[in-house]
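Student: Let me give you the structure first, and then I'll get to my questions.
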Amino acid sequence: MTAPSTTPSSPPVAAEASIQVRNLNYFFGKGDLRKQVLYDISLDLHPGQIVIMTGPSGSGKTTLLTLIGALRSATDGSLRVMGQELVGLGNRQLVEIRRNIGFIFQAHNLFESLTAAQNVEMAVELTGNFRGKRQQAVDILSQVGLAERADYKPAALSGGQKQRVAIARALVNQPQLILADEPTAALDKQSGRDVVTLMQHLAQEKGCTILMVTHDNRILDVADRIINLVDGRLESDESPQQFVDSHAPKSLDQKMFIM
Amino acid sequence: MRRTPLALLNLTHDRKKFLTSMAGVAFAVLLMFLFTGFKNALYDSQTQLLSRLNGDVVIINRLKENMFVPRAFARRRLYQAQAFDGVEGAYAIYISDARWKNPDTRKTRPVRVIAYNPSDPVLPMPEVLARQQDLRLPNTALIDERSRAEVGPRETGVITELADREIRVVGTFSLGTDFASGNGNLIMSDQNFLRFFANRGPEEEERSFATADIGLLELAPGTEVDRLVSALRDGLPQDVLVLPMNGPEGFIARERTYWEENTNIGFVFSLLTTMGFVVGIILVYQILYTDVADHWSEYATLKAIGYDNAYLFGVVIQEAVILSVLGFIPGLLISNLFYNLGAAVTGLLFQMTLQRVVNIYIMTFIMCLISGAIAVRKVQRTDPAEVFGL
């Protein structure tokens with residue numbers, strides 16, 4: 001199936017969408033306390049795209065991210081991730097889906113007791129590859145520039161290095177979809193920039209889709225698309241330039257995107 | 001290459017915390033060992049003299065319910081028993097309590113005197129056999145070197161007073177105390193027993209060779225003990241009780257059962273052991289829960305990237321099992337020290353048998369499993385979606 005190009009700036013990859021959301025509604029709570037947090041979301045994300053999702057807090061960004069990441073079960077509408085319909089799946093099947101997704105969190109969430117390589121190997125072990133896990137871990141760590149830090153424990157790594165290990169962990173199984181939640185929030189400007197550049201390279205090289213929630217205006221320029229979510233509704237879906245035009249000069253300094 | 005040993009690494013990562021955890025488990029193990037140790041020591045000690053006696057069948061006064069009851073029986077019953085087929089030897093043992101004067105402090109303490117004809121093989125302990133000739137001299141005795149410290153120096157050459165009469169220690173042996181032994185044990189010849197206990201004055205019971213406290217029968221090889229015991233029961237007057245030495249209905253088992261059933265030792269120490277067990281559960285639960293709580297976001301991340309509950313359950317249970325092993329070893333070693341110390345101070349018999357070690361390990365293992373099962377619920381409930389937006 002060929003997805004219609006929904007954005008002006010999407011690259012000319014017209015293969016099957018990695019994520020296809022149709023009329024997705026989501027509610028928290030039950031009975032009288034039932035509260036709708038997502039309203040009629042429809043969205044297509046294509047391989048090789050980096051999509052940034054922004055929006056005020058409470059707008060439902062994280063909820064949407066966790067639904068796409070098979071961390072919550074959607075009940076209403078349609079949510080296809082890498083060709084697999086998630087609506088109506090049981091817990092066990094959701095766990096299976098998650099194994100094919102790379103997750104990057106705001107906190108690195110690395111085990112302090114494990115070395116960088118061992119933390120990455122934990123992800124490799126999910127594929128059952130015990131023999132080659134060390135090699136795979138070291139390879140991916142060299143790709144994020146940490147070859148010589150493979151046997152360091154997180155306590156001996158800087159914040160940026162730790163986040164790069166976390167990225168290596170997310171990427172080691174070569175997922176076609178990467179979900180990132182504020183990956184630069186805990187990092188200084190330079191480390192944050194390094195991390196997103198790295199993600200950009202990997203997206204281009206491996207052709208994977210990256211969906212990133214961020215408030216960090218310094219990194220908006222890496223995006224192919226910027227989706228703005230307000231009060232659970234898709235407010236806008238634009239290229240970074242359009243986004244800047246529509247939001248500047250009130251809230252954004254355009255110079256930020258020049259570097 | 002196998003799975004990353006996450007459980008082991010998480011436990012041992014923080015050395016200080018790991019040592020504290022191990023100490024916690026070791027402490028619970030120590031409590032359980034001490035309390036079961038005291039219980040067993042009190043029971044085992046009651047039979048340590050009996051199990052050294054050399055005989056297959058025992059004759060005692062029917063009223064002598066346990067070793068604490070000073071009831072003697074007519075010695076002629078022994079001669080009567082000797083007439084039965086298969087009885088090779090019949091030996092009389094005379095037992096009495098007497099005041100022993102500590103030669104250093106001049107204070108008197110009750111001790112138990114065990115007397116018999118030195119030519120009879122009643123207590124075939126090498127250090128006793130070696131002193132047979134010395135025991136025949138007047139006013140001599142052997143002293144139990146595991147008597148309590150209150151009796152003073154427990155060594156050859158001590159001269160002091162027993163029942164207000166001078167006594168000379170000509171050797172030592174190793175036995176240990178029990179409820180009926182007072183502060184220690186002496187072994188002397190039957191002749192000396194008469195010297196000390198035949199005329200002790202108006203308030204004390206007079207002893208003679210007419211009565212004995214325990215009769216030992218040695219059987220000819222190949223004699224069936226049970227058959228002989230029933231023959232003796234039928235043939236001897238009903239004032240004596242005939243018991244086999246060993247076996248579930250035997251003299252030794254009877255003594256042990258008496259103390260088990262007629263004292264609160266079992267209840268008290270079982271209760272204390274259970275408390276040690278519960279303390280252990282709480283300690284291990286704290287350790288495991290802290291680990292889970294400290295690594296909550298990491299465990300949630302594992303769940304997010306595709307590990308299932310069974311894996312996380314496995315990690316916590318592995319931690320519990322590792323703790324049970326690593327805490328048990330120091331616990332066992334320290335308990336062993338305490339057992340030796342306890343034996344030296346009290347004269348009770350502290351036995352660290354393989355069976356008891358295995359039992360306590362099983363208890364430790366169950367203790368850790370219970371704690372692990374409680375702590376693991378925290379991980380099971382972890383919602384991986386919550387890792388986002390933290």
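Student: Residue A:97 passes all but one of (1) among the hydrophobic types (A, V, I, L, M, F, W, C); (2) within 13 Å of chain B (Cβ to nearest Cβ); (3) buried (at least 22 other Cβ atoms within 10 Å of the Cβ); (4) at negative phi; which number fails?
Tutor: Residue A:97 satisfies all of (1) among the hydrophobic types (A, V, I, L, M, F, W, C); (2) within 13 Å of chain B (Cβ to nearest Cβ); (3) buried (at least 22 other Cβ atoms within 10 Å of the Cβ); (4) at negative phi except (3).
Student: What residue, among those in the range A:100-122 that are farther than 27 Å from residue B:17 by Cα and facing chain B (nearest Cβ under 7 Å), is surrounded by the most Cβ atoms within 10 Å (Cβ to Cβ)?
Tutor: A:103
Student: Does residue B:150 satisfy the condition of being under 26 Å from residue B:104 (Cβ atoms), under 30 Å from the mean Cα position of the chain (by Cα) and part of a helix (DSSP H, G or I)?
Tutor: Here the answer is yes, as residue B:150 does meet what is asked.
Student: Same structure, new question: Do the conditions hold for residue B:200, that is, is it touching a Phe, Trp or Tyr at 6+ places or on another chain (Cβ under 7 Å), at pLDDT below 95 and among the basic types (Lys, Arg)?
Tutor: No.
Student: Something else about it: I'm checking my understanding of the structure. Among residues of the range B:311-363 that are within 24 Å of residue B:376 (Cβ to Cβ) and of a type in the set (Phe, Trp, Tyr), which one is nearest to the chain's Cα centre (by Cα)?
Tutor: Only one residue fits best here, namely B:361.
Student: Which one of these is closer than 28 Å to residue B:144 by Cα, at pLDDT below 90 and more than 14 Å from chain A (Cβ to nearest Cβ): B:349, B:341, B:337? If you could, list the steps in order and put the result at the bottom.
Tutor: Numbers: B:341 fails: at pLDDT below 90; B:337 fails: at pLDDT below 90.
None of the others qualify; the one that does is B:349.
Student: If you go through the range B:8-15 one residue at a time, do you hit one that is touching a residue at least 60 places away in the same chain (Cβ under 8 Å) and among the basic types (Lys, Arg)?
Tutor: no
Student: Scan the range B:225-245 for residues that are of a type outside the set (S, T, N, Q) and free of Cβ contacts under 8 Å to residues at least 12 places away in the same chain and report the count. Steps first, answer last, please.
Tutor: Taking the range B:225-245 as the starting set, the residues that turn out to be of a type outside the set (S, T, N, Q) are B:225-229, B:231-237, B:239-245.
Subset that is free of Cβ contacts under 8 Å to residues at least 12 places away in the same chain: B:227, B:233-234.
Final tally of qualifying residues: 3.
Student: I would also like to ask the following. What is the one condition in (1) in contact with a strand residue (DSSP E or B) (Cβ under 9 Å, 6 or more places away or on another chain); (2) in contact (Cβ under 8 Å) with a residue 60 or more places away in the chain that residue A:186 does not satisfy?
Tutor: Against the list (1) in contact with a strand residue (DSSP E or B) (Cβ under 9 Å, 6 or more places away or on another chain); (2) in contact (Cβ under 8 Å) with a residue 60 or more places away in the chain, residue A:186 comes up short only on (1).
Student: Please specify each residue of the range A:155-189 satisfying the condition of being closer than 19 Å to residue A:121 by Cα and within 11 Å of chain B (Cβ to nearest Cβ).
Tutor: A:155, A:166, A:169, A:170, A:172, A:173, A:175
Student: Could I ask something else about it? Among the residues that make up the range B:35-58, is at least one of them assigned to a strand (DSSP E or B) and under 22 Å from residue B:207 (Cα atoms)? So that I can check it myself, show each step before the final result.
Tutor: To start, the set of residues in the range B:35-58 that are assigned to a strand (DSSP E or B) comprises B:57-58.
From what's left, under 22 Å from residue B:207 (Cα atoms): B:58.
Checked the range B:35-58: at least one residue is assigned to a strand (DSSP E or B) and under 22 Å from residue B:207 (Cα atoms).
Student: I need the full set of residues from the range B:192-208 which are of a type in the set (S, T, N, Q) and without any contact (Cβ under 8 Å) to a residue 60 or more places away in the chain, in order please.
Tutor: Passing the criteria: B:199, B:208.
Student: Give the residue that is nearest to residue B:308 (Cα to Cα), with candidates limited to residues of the range A:123-137 that are under 20 Å from the mean Cα position of the chain (by Cα) and facing another protein chain (nearest Cβ under 7 Å). Outline the logic, then answer.
Tutor: Step one: filter the range A:123-137 for residues under 20 Å from the mean Cα position of the chain (by Cα), giving A:123-124, A:126.
Now restrict to residues that are facing another protein chain (nearest Cβ under 7 Å): A:123, A:126.
On the way: A:123: 13, A:126: 10 Å.
Looking at residues that are under 20 Å from the mean Cα position of the chain (by Cα) and facing another protein chain (nearest Cβ under 7 Å), I get A:126.
Student: Step by step: first the residues of the range B:294-316, then only those that are over 30 Å from residue B:358 (Cα atoms), aliphatic (A, V, I, L, M) and part of a helix (DSSP H, G or I), then the one that is nearest to the other protein chains (Cβ to nearest Cβ). Which residue is that?
Tutor: So the residue we want is B:304.
Student: Oh, and also: Let me confirm something: among B:319, B:386, which residue is within 14 Å of chain A (Cβ to nearest Cβ), part of a helix (DSSP H, G or I) and either closer than 30 Å to residue A:65 by Cα or in contact with a Pro (Cβ under 7 Å, 6 or more places away or on another chain) (or both)?
Tutor: B:386
Student: Residues in the range A:57-72 that are modelled with pLDDT under 85 and among the polar types (S, T, N, Q): how many?
Tutor: Selection size over the range A:57-72: 1.
Student: Okay, moving on. Among all residue pairs at least 6 apart or on different chains, which show Cβ distances below 6 Å where the first residue, located in the range A:111-140, is over 27 Å from residue B:14 (Cα atoms) and the second is among the polar types (S, T, N, Q)?
Tutor: Close Cβ pairs (under 6 Å, with a partner that is among the polar types (S, T, N, Q)) amount to A:127/A:173.
Student: Has the range A:143-151 got any residue that is of a type in the set (A, V, I, L, M) and within 13 Å of another protein chain (Cβ to nearest Cβ)?
Tutor: no
Student: Hey, residue A:208 hits all of (1) out of contact with any helix residue (DSSP H, G or I) (no Cβ under 6 Å at 6 or more places or on another chain); (2) within 23 Å of residue A:154 (Cα to Cα) but one; which does it fall short on?
Tutor: Here residue A:208 meets the rest and fails (2).
Student: Could you list all residues from the range A:76-94 that are out of contact with any strand residue (DSSP E or B) (no Cβ under 8 Å at 6 or more places or on another chain) and either more than 10 Å from chain B (Cβ to nearest Cβ) or in a loop (DSSP other than H, G, I, E, B) (or both)?
Tutor: Filtering the range A:76-94 down to residues out of contact with any strand residue (DSSP E or B) (no Cβ under 8 Å at 6 or more places or on another chain) leaves A:83-84, A:88-94.
Matches in the range A:76-94: A:83, A:84, A:88, A:89, A:90, A:93.
The values are calculated or read from the model by the stated rules, or taken from the named source; none is laboratory data. As the structure is a computational prediction, the values presented were derived from the model and not from experiment. Positions of Cβ are backbone-derived with ideal geometry, glycine not excepted, and every protein chain shown enters the neighbour counts.
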